[in-house]
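Report on the structure given below.
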Amino acid sequence: MKAQPLTQSQASALLGVTARRIRQRDQEDNPPPKNEAGKYPCDAFGKWMLDDFRRGLGVSEDGTVYDYDAERARFTFHQANSAEMEAQRKRRELIPSREIRQAWADIVASARAKLLALPSRLASSCSEKSAGELEKEAQSIIYEALKELAEGGDGVPCGD
């Protein structure tokens, strides 16, 4: 013989709560199982009660036991780390990687453009200069590009 579904008052009596509280539980994230008639099937309700009880104790469905104090300490630790990282970000001590990538892409693109311009800049001054003068001109252009790389594109040497 199949067990009859529980009424709201029977379900609340099993849980040791008022009918009002069982109605509230019906609206929460993990409501007790109900059928189309609004009653609580015995087997499903019993499993739900056990699972709910285990969650309250910190035991997962697979039997893993969680230490509430340890988990809370871990959570508090991560909250403190997040708050410190946010403070560092506001002080510009911690910069998001996407900003770093963009800045480096700009710096490298600028240095690349200067180095790619080297042949045409030298060609325009080739006809009237000696090999030594051309070497100095090429060295000057290369050092200018390397200096820009070293300064990070903002005129401030990296590391300062």
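Note on LYS47 and THR76: the extension gain reaches 7.2 nm, defined as 0.36 nm multiplied by sequence separation minus the Cα-Cα distance.
The simple spin-label model puts a point 7 Å past each Cα toward its Cβ; for ARG23 and TYR68 those points are separated by 2.9 nm. Label-to-label distance for VAL108 and SER9 is 7.5 nm, based on points extended 7 Å past Cα in the beta-carbon direction. Counting only residues at least eight positions apart within a chain, or on another chain, the lysines with an alpha carbon under 27 Å from that of LYS39 are LYS2, LYS47.
Taken together, the values in this text are just the output of simple stated rules run on the coordinates, not laboratory data. None of the values given here were measured: they were computed from a predicted structure. Glycine also receives a Cβ, built like all others from the backbone with ideal geometry; neighbour counts cover every protein chain displayed.
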